[in-house]
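**Student:** First the structure, then my questions, so here it is.
None of the figures in this text is laboratory data; all of them are computed from the coordinates on show. Every value quoted in this text rests on a predicted model; they were computed, and no experiment measured them. FYI the Cβ positions are ideal-geometry reconstructions off the backbone, even for glycines, and counts take in every protein chain you see.
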Amino acid sequence: MKPRARLWNLGFLSLLATQFFEAASDNLVKGAIGYAIAVGGPWESFFGAGGNGLVALAFAFPFILLSAFGGRIADRHSKSRITILLKSISFIVAGIACLGFASGSPIVALTALILFAIVSAFFGPVKYGMIAELVASDKLVRANGVINMATNVAVISGGLLAGLVSVHWKDSVVDGVPTGVGAYAPGVAIVALVLCGFLTCLTLPKLAPQDPDLPVNLDPFSTYITTIREMRQTPLLATCLAWTYFYFVAAIVLVILPDYSAFLSISDEWNSYLMAAMGASIGVGCLSAAYLDKAAWRGRFVALGAFGLGVVFLALGLAPPDYTLTMILLITMGLVAGFYIIPLQSMLQMHAPDRSRGRVLGTANGMSFAMGALGGVLFFALRSLGMPSNRVFLVVGAMTLGVCVLVIMWNRRHAAQESR
């Protein structure tokens, strides 16, 4: 049996673990900064109202600029070697993050977040492209479900750790300056996760470059333009646009939730439980969608997911400040989200040509963060106009129901073309 014929081979398990620690460390840094600048946080005045939206924009920019270039590198070189190099660089970035929190400098902490984003921008097309090299094509949907499940467990872990270390870090702040052991809590946790990610990537198998003769091109935008033109000739572009919309709404949700500490009158630790519940339910939804997958059902799953997300967002925007109700709605949102994202992600990987898979996925990754940046801008704009954070869900819900209508129309058009 060839290694790629099995889902649970050593290479896939290594990628699974490496991605877990990558996602956990990224979300720990984002979460810790988010709590620091949320309503009532030590850095709130530095960033101003809606500051989480600006941070989300800063995090997204490297992905927008570098993802296609990272995809080009992923096609030209061994993805396993690139992963080891990126994980090595992460140690330096983790040290900068530790310094930022320990010194109480929002600028240094934000710099570390942007550097983590640069590393992740290169790792994105590598990890998604690597799945198709490690797993047989008929196992690809399930592999995506498992990867997304693990990623959301990592988001839970990173979110929970962010809430826990933020409590100790905030308690250590005296007159704006962290003191004592609590000042190092975020940094120590970040370094530990980076170390684990480095150790797990060392067990990846050696993978051959898919297109070693691909010319070097330092202009990231030319790769975007060329790849998008190629994607227009197939359903890939429509699939990509639908996939990236999820990251538009996800970016908004992630910058709204830190403000729920004030809205629900709860601690950051209890807020992190909300994020954990949402992350766990997304993982369950992704795994369920993967194991229920059938080619004929994928379009229907996407429409079902979009409809469910739209309804839940509207309910969150109208809900009173009740912790239990908010928890239930976030869990429901996570469950239906899996049915939206998994079919689209799998279709992207299935239809992308082998030689250009890194560029296709890198372009899709860059587009997803461009959408995430737009989400951050929308949140900042609405907050600047005086809209409470929880009411932003109403805007997102209306937009998502509109996307549901578009998906249904696309499904009908596609079905009509196949029947001819």
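**Student:** Between the alpha-carbon centers of segment 337-407 and segment 247-311, tell me the distance in whole angstrom.
**Tutor:** 13 Å
**Student:** Let me ask something else about it. Please order Y247, Y128, Y323, Y340 by the number of other Cβ within 10 Å, starting at the fewest. Walk me through the numbers before you get to the answer.
**Tutor:** Details: Y247 23, Y128 26, Y323 15, Y340 30.
Fewest-to-most ranking of Y247, Y128, Y323, Y340: Y323, Y247, Y128, Y340.
**Student:** Here is a follow-up. Alpha carbon centre of segment 101-155 versus segment 24-71: separation in Å?
**Tutor:** First find each Cα centre; the distance between them is then 16 Å.
**Student:** Now, a different point. Among all lysine pairs in the chain that are eight or more places apart or on different chains, how many have alpha carbons less than 17 angstrom apart?
**Tutor:** 11
**Student:** About its Cα centre, what dipole magnitude does segment 285-377 give when the only charges are +1 on Lys and Arg Cβ and -1 on Asp and Glu Cβ, stated in debye to the nearest 20?
**Tutor:** 380 debye
**Student:** Now a separate question. Take every Cα pair under 8 Å in the chain that's 6+ residues apart, average their separations, divide by the length, and report that relative contact order as a whole percent.
**Tutor:** Here the relative contact order equals 28 percent.
**Student:** How large are Rg and Dmax for segment 289-420 when only the alpha carbon atoms are used, in Å?
**Tutor:** When restricted to the Cα atoms of segment 289-420, Rg and Dmax are 17.1, 52 Å.
**Student:** Okay, moving on. Which one of Y128, G40, G283 is farthest out on the positive end of the charge dipole of the chain, using unit charges on Cβ (Lys, Arg +1; Asp, Glu -1) and the Cα centre as origin?
**Tutor:** After comparing all options, I get Y128.
**Student:** For T234, T326, T226, what ranking results if the residue with the fewest other Cβ atoms within 10 Å of its Cβ goes first?
**Tutor:** Lowest to highest Cβ neighbour count: T234, T226, T326.
**Student:** Now for a different question. Taking 2.2 N^0.38 Å as the expected size of a compact globular protein, what ratio does the Cα radius of gyration of segment 231-286 give against it, to two decimals? All intermediate terms of the calculation are to be shown ahead of the outcome.
**Tutor:** On the way: Rg = 15.8 Å, N = 56, 2.2 N^0.38 = 10.2 Å.
That works out to 1.56 for segment 231-286.
**Student:** Dipole magnitude of segment 115-221 about its Cα centre, charges +1 at Lys/Arg Cβ and -1 at Asp/Glu Cβ only, in debye to the nearest 20?
**Tutor:** With only Lys, Arg, Asp and Glu charged at Cβ, the dipole is about 320 debye.
**Student:** Sticking with this one: Where is the GNM fluctuation largest for the chain (alpha-carbon springs, 10 angstrom cutoff): L318, L160, L193?
**Tutor:** Between L318, L160, L193, it is L318 that shows the largest mean-square fluctuation.
**Student:** Right, another one. Quick check for me: using +1 on Lys/Arg Cβ and -1 on Asp/Glu Cβ, what's the dipole size of the chain about its Cα centre, in debye to the nearest 20?
**Tutor:** Using only the charged Cβ atoms, the result is roughly 1440 debye.
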